[in-house]
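Visitor: Pasting in a structure now, in structure tokens, and then I'll have a few things to ask.
The values are calculated or read from the model by the stated rules, or taken from the named source; none is laboratory data. Here the structure is a predicted model, which is why all the values come from computation and not from measurement. Because the Cβ atoms are built from the backbone with ideal geometry, glycine has one as well, and the counts that use them run over all protein chains shown.
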Amino acid sequence: MRQDHGLGFLLTYENVAWFDGGMVRILDRRAYPHKIKFVECRTVDQVARAIQDMVTQSAGPYTAAAMGMALQAYLVRGQGRDRQLEALGLAAEKLATARTTTEPRMRRVTAAALTAARKALDQGEHDLSRVLFDVAYQSLERRYERMSRVATQLVSLLPERARVMTHCFGETIVGTMIRAAKLEGRELALFTPETRPYLQGARLTASVAAEMGIPVTVITDNMAAEVFSGRQVDLLTTAADAITSDGYVVNKVGTLQLAIIAKYYGVPYFVTGIPDSMAIEDVVIEHRNPEQVLEAGGVPTTREGVKGYYPSFDVTPPHLISAVVTDTAILTPYNLSDYRPPEGEGDYWG
């Protein structure tokens, strides 16, 4: 049974990013759920552009990058060893640098593909596209399985009737948390801020919850304090684009203010994911087009001449985090060095 069994439409492998027939098909999350639209990429440049333009987000870009490496292998199939490795190296650089803040993890994805490509060429393979597709597929299976273990750990911290606030779209952990709660017979209800400017909470998280039969309430981004003050939620949980070795969490902008509010009202904040080796000073926060802040759903909301500001991520310090929930243990931000990845399972991203 595939690890995406029982999850929402957005989390089915083929609906994240999928290489087949000489192209990578990526579900356009900017249009979902109002439209089910796939962006078809026939070059690595197009895959990188789809990642940059937020066609996919959360963990989706890692899958898109892995599938993009398979696409590049397809495009140079049958050419000499040196030419194939050169083309794959250029593709790896384009894909790894598509978004600034996620570059360290993205490099692990592309490095895994390059390693597999060299090994396959040494064994006499001429068409590496299926080899690299299998690398991408196995990475999906491994990540979903490990996030299922994270979800089981997280659900163990929930009350029998849990009212949980999320933020943005944490992708795999959202679906696996709901699936794990159902398996354990816990009643789960979600609150999710809309998460401007792309509204991932309203469009993506809420859609997955509704598809999987979980009550979900969408609030605007400026309602969180009122919800916390009224004790309408039991805990806050988010995924993380990075969990640094010194206990900081880098995640979708807005996470910091939610963590501050949760701390003020005594609501625990549980971060889910796998700790990274980099320290906070190694993190570069991506800034996106500020014009996107000046509109909603493509409709301008300000007069001409008004300026916007759009940092894509923010940083939450350790003292605001109650626990870091991993696949092997529930830790605090201050003892992340105790994390030990499961033996023999390889890199989480690669």
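Visitor: Quick check on Tyr334: is it loosely packed, with under 15 Cβ neighbours inside 10 Å, aromatic (Phe, Trp, Tyr) and free of Cβ contacts under 8 Å to residues at least 24 places away in the same chain? Write out each step before concluding.
Guide: Numbers: loosely packed, with under 15 Cβ neighbours inside 10 Å: yes; aromatic (Phe, Trp, Tyr): yes; free of Cβ contacts under 8 Å to residues at least 24 places away in the same chain: no.
So Tyr334 fails the test.
Visitor: Hey, can you tell me all the residues within region 72-97 that are within 16 Å of Val135 (Cβ to Cβ) and of a type in the set (D, E, K, R)? Break it down stepwise before answering.
Guide: Taking region 72-97 and keeping what is within 16 Å of Val135 (Cβ to Cβ), we get 72-74, 77, 84-85, 88-89, 91-92, 95-96.
Within region 72-97, just Arg77 meets the criteria.
Visitor: Just to be sure I understand, how many residues within region 178-203 are assigned to a loop (DSSP other than H, G, I, E, B) and among the aromatic types (Phe, Trp, Tyr)?
Guide: Filtering region 178-203 for residues assigned to a loop (DSSP other than H, G, I, E, B) gives 184-186, 194-199.
Now restrict to residues that are among the aromatic types (Phe, Trp, Tyr): 198.
The qualifying residues number 1.
Visitor: Name the residue, out of Ala113, Ala117, Ala66, Ala73, that is under 15 Å from the mean Cα position of the chain (by Cα) and buried (at least 22 other Cβ atoms within 10 Å of the Cβ). Steps first, answer last, please.
Guide: Numbers: Ala113 fails: under 15 Å from the mean Cα position of the chain (by Cα); Ala117 fails: under 15 Å from the mean Cα position of the chain (by Cα); Ala73 fails: under 15 Å from the mean Cα position of the chain (by Cα).
Going through Ala113, Ala117, Ala66, Ala73 in turn, just one is under 15 Å from the mean Cα position of the chain (by Cα) and buried (at least 22 other Cβ atoms within 10 Å of the Cβ): Ala66.
Visitor: Restricting to region 289-321, what's the tally of residues that are free of Cβ contacts under 8 Å to residues at least 60 places away in the same chain, part of a loop (DSSP other than H, G, I, E, B) and not hydrophobic (A, V, I, L, M, F, W, C)?
Guide: So in region 289-321, the residues free of Cβ contacts under 8 Å to residues at least 60 places away in the same chain come out as 289-291, 294, 298-309, 311, 319.
Checking the rest, the ones that are also part of a loop (DSSP other than H, G, I, E, B) come to 289, 298, 301-309.
Filter once more, so that each one left must be not hydrophobic (A, V, I, L, M, F, W, C): 289, 298, 301-305, 307-309.
Matching residues across region 289-321 total 10.
Visitor: Hey, can you tell me all the residues within region 95-129 that are in a helix (DSSP H, G or I), over 26 Å from Pro342 (Cα atoms) and in contact (Cβ under 8 Å) with a residue 40 or more places away in the chain?
Guide: Hits for region 95-129 are Leu95, Leu121, Ser129.
Visitor: Suppose we keep only residues that are assigned to a loop (DSSP other than H, G, I, E, B) and without any contact (Cβ under 8 Å) to a residue 24 or more places away in the chain within region 46-77. Which one would you say is farthest from Arg25 (Cα to Cα)?
Guide: Residues of region 46-77 assigned to a loop (DSSP other than H, G, I, E, B): 53-59, 76-77.
Applying the additional criterion that residues be without any contact (Cβ under 8 Å) to a residue 24 or more places away in the chain yields 53, 76.
On the way: Asp53: 15, Val76: 19 Å.
So the residue we want is Val76.
Visitor: Quick one: in region 177-218, which of the residues that are closer than 17 Å to Leu235 by Cα and hydroxyl-bearing (Ser, Thr, Tyr) is surrounded by the fewest Cβ atoms within 10 Å (Cβ to Cβ)?
Guide: Thr217
Visitor: Can you find a residue in region 181-198 that is closer than 21 Å to Glu295 by Cβ, in contact with a Lys or Arg (Cβ under 6 Å, 6 or more places away or on another chain) and not aromatic (Phe, Trp, Tyr)?
Guide: no
Visitor: Give region 5-37 a look and list any residue that's in a loop (DSSP other than H, G, I, E, B), over 16 Å from the mean Cα position of the chain (by Cα) and more than 16 Å from Ala210 (Cα to Cα), or say none.
Guide: Listed by number, the residues that qualify are His5, Gly21, Gly22, Ala31, Lys35, Ile36, Lys37.
Visitor: Criterion first (at pLDDT 95 or above, among the hydroxyl-bearing types (Ser, Thr, Tyr) and farther than 24 Å from Ser312 by Cα) does Thr43 satisfy it? So that I can check it myself, show each step before the final result.
Guide: Working: at pLDDT 95 or above: yes; among the hydroxyl-bearing types (Ser, Thr, Tyr): yes; farther than 24 Å from Ser312 by Cα: yes.
Criteria met by Thr43.
Visitor: Mind checking which residues of region 12-53 are in contact with an Asp or Glu (Cβ under 6 Å, 6 or more places away or on another chain) and not aromatic (Phe, Trp, Tyr)? Spell out how you get there, then give the answer.
Guide: Step one: of region 12-53, the residues in contact with an Asp or Glu (Cβ under 6 Å, 6 or more places away or on another chain) are 12-13, 23, 25, 37, 39.
Scanning region 12-53 gives Thr12, Met23, Arg25, Lys37, Val39.
Visitor: Right, something else. Please specify each residue of region 281-313 satisfying the condition of being hydrophobic (A, V, I, L, M, F, W, C) and either under 14 Å from Glu103 (Cα atoms) or crowded, with 17+ Cβ neighbours inside 10 Å (or both).
Guide: Passing the criteria: Val283, Val284, Ile285, Val293, Leu294, Phe313.
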